[in-house]
Amino acid sequence: MGYEFKLPDLGEGLTEGEIARWLVAEGQEVAEDDPLVEIQTDKTTVEIPSPAAGKVQRILVAEGEVVPVGTVLVVIGEDGAVASEQSRAKPPPSVSDVSGGQSPGHVPAERVRATPLVRRLAQELGVDLSSVDGTGPQGRVTEEDVRGAASAEGLSPGQVPEGRRERLRGVRRLVAEHMTRAHAEVPPVTWVEECDFGDVELGRLVPLALKAVASSLKEFPELNARLEGDEVVYLDRYDLGVAVQTDQGLVVQVVRGCDTRNVDELAEEIERLAEAARAGKLEPHELRGSTFTVTSAGKLGGLFTTPIVNHPEVAILSVGRVAGRPVVREGEVVVRPVGYVSVTFDHRVIDGARAAEFGLAVIRRLESST
């Protein structure tokens, strides 16, 4: 019997993972410690090496599927027999349950490579996957292949689902789940005020904002808190999340100890984390445990935004686009570099007046930055 490789416990309380990408194919020989599979977990991707050497006999979980820790993912070596009930009950991703008998010249169903989404679409459209030539990687049958086959078989446009469909995967799936929970649980209110950035070195805006936020949170502890049941938990650490846009989606990296680091140290840490985020190499602990979040989209930030609270936090601060705008100073209209600071907060925990006072405290600190 072959070696059954199961989704390992990757720590940090994770109970499941998504198969982001297989780095091997069925029939391929692998050596111990060769790259085997990429697992998407809580906004970061982990590459897992092969624990054994041999031929990849069966891949049991398709790319894009989310499975719990302990699920058998692949069988390596010997004949690929799988002993566990769970593995025997679950067909490998290359098996199509759509086609019936095989006609001469068709690819046997057990050799068809297609994701569960594509197999389901084929079933809906009545397409025999074994008769479709796959144009995807390693001959995988794609959604476009199935739709093309459906059209060739004479289905009317009304019978073919419209539009291109793409399953939520990876970071986008995790963001969707997180935002849905936050929106369902948190009654949000957003406060907005302008800030004069004339004395702010805009190239260091994010570290300056983190320092201003951390100092202000000490004055307004209810914004650096959690709501757990009927208790408000006030936190005595200032580990601030910073939202970063990557090719995979939005991630929130955590900059720890913002109250004890100077601006230069904060800038270095932000840059280190941002580079790791864009490369998909953030460690799980670098994405968890933030007490408050700061976000700024720079030139794309618009006039201001109403950000969603990063649950289980109770507040988030956003800085809009800074631009030259007419303002009144000492009775005269002048042009100043102005941006708008937004604070969205959980009204169950934070009163509007306190959120406003917090926002003004941050603005005062930013405007006096040198």
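Once ligands and nucleic acids are excluded and a 1.4 Å probe is used, how much of LYS211 is accessible, expressed in Å² to the nearest 10?
50 Å²
Tell me, what ³J(HN,Hα) does each residue in segment 21-32 have, in order and in whole Hz, if you take phi through Karplus 6.51 cos²θ - 1.76 cosθ + 1.60 with θ = phi - 60° and put x for Gly and Pro?
6, 7, 9, 9, 10, 4, x, 7, 7, 10, 9, 4
Quick check: residue separation of GLU29 and GLU16 times 0.36 nm, minus the Cα distance between them. What number comes out in nm? Kindly include the intermediate steps, with their values, before the conclusion.
On the way: separation 13, 0.36 × 13 = 4.68 nm, distance 2.73 nm.
Computed gain between GLU29 and GLU16 is 1.9 nm.
Once phi is turned into ³J(HN,Hα) by the Karplus curve 6.51 cos²θ - 1.76 cosθ + 1.60 with θ = phi - 60°, what whole-Hz value does each residue of segment 350-355 show in order, with x for glycine and proline?
10, 6, x, 5, 5, 5
Probe of 1.4 angstrom, ligands and nucleic acids ignored: what's the accessible area per residue over segment 253-302, in square angstrom?
Values: 2430 Å² over 50 residues.
Normalised by residue count, the accessible surface of segment 253-302 is 49 Å².
Can you list residues from other chains, or at least 5 along the same chain, whose modelled amide H is less than 5 Å from the amide H of THR246?
Excluding prolines and chain starts, which carry no amide H, the hits are VAL251.
Would you work out the relative contact order for segment 244-370, in percent, from Cα pairs under 8 angstrom that are 6 or more residues apart?
Numbers: 167 pairs, mean separation 21.9, N = 127.
In percent, rounded to a whole number, it is 17.
As an exercise, find the ratio Rg/Rh for segment 238-370 from alpha-carbon atoms, using the Kirkwood inverse-distance average for Rh. Don't jump to the answer; show the numbers that get you there.
Numbers: Rg = 16.1 Å, Rh = 16.2 Å.
Ratio value, two decimals: 0.99.
So what is the diffusion coefficient of segment 187-293 in µm² per second by Stokes-Einstein at 25 °C and 0.890 mPa s, using a Kirkwood Rh over Cα pairs? Before the final figure, lay out each step's value.
Details: Rh = 15.0 Å.
Stokes-Einstein gives a translational diffusion coefficient of 163 µm²/s.
Calculate one ³J(HN,Hα) per residue across segment 300-312 by plugging θ = phi - 60° into the Karplus curve 6.51 cos²θ - 1.76 cosθ + 1.60, and present them in order as whole Hz with x for glycine and proline.
8, x, x, 4, 7, 10, 10, x, 8, 4, 7, 3, x
Which of the aspartates and glutamates could a cross-linker span from LYS211 if the Cα-Cα distance has to be under 16 Å and same-chain partners fewer than 8 positions apart are dropped?
Hits, sequence-local ones excluded: ASP199, GLU201, GLU219, ASP236, ASP239, ASP259, ASP264, GLU265, GLU268, GLU269, GLU271, GLU367.
Tell me the carbon and sulfur percent of the accessible area for segment 266-349, rounded to whole percent, probe radius 1.4 Å. Intermediate values should be presented prior to the final figure.
Numbers: 2200 of 4010 Å².
On segment 266-349, the fraction of accessible area on carbon and sulfur atoms equals 55 percent.
Quick one: length gained pulling LEU360 to ARG325 fully straight, 0.36 nm per residue minus the C-alpha distance?
Numbers: separation 35, 0.36 × 35 = 12.60 nm, distance 1.96 nm.
Stretched fully, the LEU360-ARG325 segment lengthens by 10.6 nm.
Which one, ASN262, PRO307, HIS285, is farthest towards the positive end of the dipole of segment 223-308 when Lys and Arg carry +1 and Asp and Glu -1 on their Cβ?
It is PRO307.
Would you work out which of ALA274, VAL294, ALA323 lies farthest towards the positive end of the dipole of segment 260-370? Charges go on Cβ: Lys and Arg +1, Asp and Glu -1.
ALA323
By how many nm would the segment from VAL263 to TYR3 lengthen if fully extended, with 0.36 nm per residue of separation less the alpha-carbon distance? List each step's numbers first, then the result.
Values: separation 260, 0.36 × 260 = 93.60 nm, distance 5.13 nm.
Extending this stretch completely gives an extra 88.5 nm.
The values are calculated or read from the model by the stated rules, or taken from the named source; none is laboratory data. All values derive from a computational prediction rather than experimental measurement. Here the Cβ is made from the backbone with ideal geometry for all residues, glycine too, and neighbour counts use every protein chain on show. Remember, those area values only see protein heavy atoms, side chains included, never the ligands or the DNA or RNA. Shrake-Rupley method; radii C 1.70, N 1.55, O 1.52, S 1.80 Å.
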